[in-house]
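Enquirer: Mind looking over this structure? Questions follow.
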There are 2 protein chains.
Amino acid sequence: MKTILVLGGFGFIGSNLLQYVDDYKLNAYRVIVFDRKQNHPFGLKFKCVSKIYKGDFSNREHLEVIFQDNKIDEVFHFLNTTVPATSSNIKFDIESNLVATIGLLELVEQYLVKKFIFISSGGAIYGDTNLNNLEAIDTFPLSSYGIVKLAIEKYIHMFCKRSNISYLILRLSNPFGRFHYSESQGIVNIALRKTLRQEPVTVWGDGTGTKDYLFIEDFIQVLMLLLDNAVDNEVINIGSGQLYSVNQILEIIESFEPSLRWSYTDKKEFDNIHFQFNTNKLRKYIGDYEFTSIDIGIENTLKWLKGNTLL
Amino acid sequence: MKTILVLGGFGFIGSNLLQYVDDYKLNAYRVIVFDRKQNHPFGLKFKCVSKIYKGDFSNREHLEVIFQDNKIDEVFHFLNTTVPATSSNIKFDIESNLVATIGLLELVEQYLVKKFIFISSGGAIYGDTNLNNLEAIDTFPLSSYGIVKLAIEKYIHMFCKRSNISYLILRLSNPFGRFHYSESQGIVNIALRKTLRQEPVTVWGDGTGTKDYLFIEDFIQVLMLLLDNAVDNEVINIGSGQLYSVNQILEIIESFEPSLRWSYTDKKEFDNIHFQFNTNKLRKYIGDYEFTSIDIGIENTLKWLKGNTLL
């Protein structure tokens with residue numbers, strides 16, 4: 001049984017990992033959560049969680065106590081202190097994400113952690129480099145958020161290489177699904193919740209740009225496949241290969257919730273218009289894994305939302 | 001006549017630029033120097049320099065006053081606050097180089113500078129990615145110094161793209177030549193000066209790894225060719241394509257100064273063993289420019305050193 005530390009364990013992706021462990025891997029993982037909050041924002045309890053540490057990610061002491069108290073085998077770094085839209089404060093972005101992650105990597109090295117898993121961002125990292133973004137090409141992020149993600153990837157490589165820690169860097173496309181409670185990120189999440197609240201949706205730009213969407217439950221299964229297959233020391237694009245425009249997403253939601261209303265506003269500079277990337281490397285490791293169709297993913301998310309009156 | 005700001009104007013590369021302007025371009029450039037020192041460390045005076053600002057690069061006010069007092073057309077950012085060997089203090093590296101450069105870029109944007117030229121580092125950026133490093137590949141620096149250089153490149157791209165400032169990012173191989181007065185960087189510089197002081201040279205590793213060496217006067221001429229040809233918005237590897245081992249360099253120096261003595265010590269982790277890179281992009285812009293042979297470059301540097309009793 002492995003002891004894993006999940007930073008951002010009560011966030012969107014963290015909650016999905018915990019739910020998956022509860023459902024399928026309860027005997028494999030003892031989970032320690034580090035989060036800004038002492039309790040899950042929906043009041044959820046996960047059986048796999050043995051301890052919760054509430055703290056400030058930038059405060060080294062808040063992190064170090066976890067490694068002092070527990071023998072951590074693997075670290076899952078799922079924590080962001082900013083989102084693309086708020087990373088215009090570049091110095092805060094660098095301090096709270098980059099420098100704080102370096103502090104974490106120093107602890108990972110010092111306390112002999114065996115594996116480090118980091119969620120990076122496909123959309124933010126690739127900028128407008130190419131329409132078929134490969135992991136091996138040089139990238140030019142359009143936002144500080146993306147540059148900081150890229151710099152974190154490089155420091156992970158540097159630390160892990162010099163100390164023989166295995167790592168996985170996963171560049172996700174646009175994840176959606178249950179436990180996504182952000183008020184500012186993710187068109188599926190925002191549109192579904194606004195619809196349920198009878199509020200109109202505002203679309204940046206004309207809604208025609210297409211992006212790769214990833215159902216979060218697929219992501220967790222893919223992550224488990226990569227871990228089970230001992231895939232190590234790789235940067236991997238994780239996407240479904242399914243491209244949809246915001247307009248198409250809204251039309252799918254409208255097919256389930258005809259009351260949906262939306263309007264258009266100016267494009268924001270940090271938002272890529274088109275985004276797709278090459279997932280050949282991922283396919284090499286996950287074979288013919290079949291991704292959930294966007295209709296089923298959205299329907300599933302809508303059902304989950306309707307069952308959660310807390311939102 | 002253009003007004004250019006040279007940050008690190010009294011450093012190795014900066015001094016060479018000023019000397020070149022004095023010799024060949026005195027009617028083209030009015031130069032403003034920003035440096036840690038109020039005067040050139042060798043007591044040199046350059047005719048092209050109209051003002052000298054002494055300051056701390058991390059202090060925004062020290063920089064902003066320059067832009068308030070002068071209409072700057074182009075900025076040449078040749079300043080480093082760390083070297084690979086000292087960048088183990090990652091937080092200092094990030095604060096003093098990365099965050100400080102972002103402060104500079106904010107001023108460049110605010111005061112409508114037209115062009116931004118940055119000296120990056122081939123050796124530090126490329127790590128051990130490949131033996132034929134192209135600008136377009138993703139790189140994994142082995143040191144924080146290299147990661148910070150890479151992150152600076154990305155922020156330059158982000159700022160310049162969004163504000164239509166033209167930029168040139170030049171990834172130099174291993175420059176050597178006059179005005180290199182560092183006590184810790186550059187095997188040619190260190191070996192020549194130790195020889196003149198009758199001190200033995202210490203070689204990291206066994207001295208067989210080969211690297212691309214670039215005579216600094218070639219670099220300045222190549223930079224001028226790129227500027228004259230209006231090459232813009234590019235990241236360009238700048239190397240002579242001439243690969244030499246440290247042992248070969250020492251043997252060349254020994255041929256001029258038979259008193260040279262050297263010994264070997266362990267390899268440092270941040271020092272790449274072999275380093276070469278692809279200069280096809282550079283060749284596209286500079287045609288058949290002929291680089292100085294290493295023998296002539298070293299002989300020339302030795303003569304210059306002997307003429308400078310201050311060293």
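The values are calculated or read from the model by the stated rules, or taken from the named source; none is laboratory data. All values derive from a computational prediction rather than experimental measurement. Note that we place each Cβ from the backbone using ideal geometry, even for glycine, and neighbour counts take in every protein chain shown.
Enquirer: Looking only at the range A:191-221, how many residues end up being in a helix (DSSP H, G or I), farther than 28 Å from residue A:24 by Cα and not hydrophobic (A, V, I, L, M, F, W, C)?
Expert: Of the residues in that region, 3 qualify.
Enquirer: Select, from A:135, A:64, A:95, A:153, the only residue that is in contact (Cβ under 8 Å) with a residue 12 or more places away in the chain and more than 14 Å from chain B (Cβ to nearest Cβ).
Expert: A:64
Enquirer: I need the full set of residues from the range B:52-71 which are in a loop (DSSP other than H, G, I, E, B) and either acidic (Asp, Glu) or within 14 Å of residue B:106 (Cβ to Cβ) (or both), in order please.
Expert: Result: B:56, B:57, B:58, B:59.
Enquirer: Sticking with this one: Sort out which residues of the range A:146-196 are in contact with a strand residue (DSSP E or B) (Cβ under 7 Å, 6 or more places away or on another chain), on the phi > 0 side of the Ramachandran plot and either basic (Lys, Arg) or crowded, with 23+ Cβ neighbours inside 10 Å (or both), and write them in order of number.
Expert: Selection gives A:177 alone.
Enquirer: Pick out the one residue from A:73, A:69, A:56, A:23 that is surrounded by fewer than 17 Cβ atoms within 10 Å (Cβ to Cβ) and touching a residue at least 60 places away in the same chain (Cβ under 8 Å).
Expert: Residue meeting the stated conditions: A:73.
For (1) more than 20 Å from the chain's Cα centre (by Cα); (2) over 18 Å from residue A:4 (Cβ atoms), each residue gets a yes or a no:
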residue	(1), (2)
A:27	yes, no
A:32	no, no
A:40	no, no
A:49	no, no
A:59	yes, yes
A:71	yes, no
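Enquirer: Considering only the range B:79-175, give the helices (runs of 4 or more DSSP H) lying wholly within it that have at least 3 residues that are touching a Leu at 6+ places or on another chain (Cβ under 7 Å).
Expert: Where helices (runs of 4 or more DSSP H) fall fully within the range B:79-175 and carry at least 3 residues being touching a Leu at 6+ places or on another chain (Cβ under 7 Å), they are B:100-110, B:144-163.
Enquirer: Let me ask you something else. Look at the range A:101-127 and say how many of its residues are among the charged types (D, E, K, R) and closer than 16 Å to residue A:6 by Cα.
Expert: Residues that pass the stated criteria total 2.
Rundown of residues vs (1) part of a loop (DSSP other than H, G, I, E, B); (2) on the phi > 0 side of the Ramachandran plot; (3) modelled with pLDDT of 90 or more, yes/no style:
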{"residue": "A:251", "(1), (2), (3)": "no, no, yes"}
{"residue": "A:254", "(1), (2), (3)": "no, no, yes"}
{"residue": "A:258", "(1), (2), (3)": "yes, no, yes"}
{"residue": "A:268", "(1), (2), (3)": "yes, no, no"}
{"residue": "A:273", "(1), (2), (3)": "yes, no, no"}
{"residue": "A:290", "(1), (2), (3)": "yes, no, yes"}
{"residue": "A:299", "(1), (2), (3)": "no, no, yes"}
{"residue": "A:308", "(1), (2), (3)": "yes, no, no"}
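Enquirer: Select from the range A:36-51 the residues that are not charged (D, E, K, R) and not in a loop (DSSP other than H, G, I, E, B) and write down the one among them that is surrounded by the fewest Cβ atoms within 10 Å (Cβ to Cβ).
Expert: A:50
Enquirer: Go through (1) more than 10 Å from every other protein chain (Cβ to nearest Cβ); (2) buried (at least 21 other Cβ atoms within 10 Å of the Cβ); (3) closer than 29 Å to residue B:246 by Cα and name the single condition residue B:113 misses.
Expert: Condition (3) is where residue B:113 drops out.
Enquirer: Could we say that residue A:118 is surrounded by fewer than 21 Cβ atoms within 10 Å (Cβ to Cβ), more than 9 Å from chain B (Cβ to nearest Cβ) and not small (Gly, Ala, Ser) here?
Expert: Considered against the rule, which asks whether it is surrounded by fewer than 21 Cβ atoms within 10 Å (Cβ to Cβ), more than 9 Å from chain B (Cβ to nearest Cβ) and not small (Gly, Ala, Ser), residue A:118 comes out as no.
Enquirer: In the range A:12-33, is there at least one residue being touching a helix residue (DSSP H, G or I) at 6+ places or on another chain (Cβ under 6 Å) and of a type in the set (Ser, Thr, Tyr)?
Expert: yes
Enquirer: Let me confirm something: among A:234, A:251, A:199, which residue is surrounded by fewer than 17 Cβ atoms within 10 Å (Cβ to Cβ) and either in the same structural domain as residue A:154 (by TED's automatic domain parsing) or closer than 30 Å to residue A:167 by Cβ (or both)?
Expert: Selected residue: A:234, the only one of A:234, A:251, A:199 that is surrounded by fewer than 17 Cβ atoms within 10 Å (Cβ to Cβ) and either in the same structural domain as residue A:154 (by TED's automatic domain parsing) or closer than 30 Å to residue A:167 by Cβ (or both).
Enquirer: Still on this structure: Looking for whichever is more than 14 Å from the chain's Cα centre (by Cα) and within 14 Å of chain B (Cβ to nearest Cβ) here; the options are A:169, A:125, A:187, A:147. Which one fits?
Expert: On inspection, the qualifying residue turns out to be A:147.
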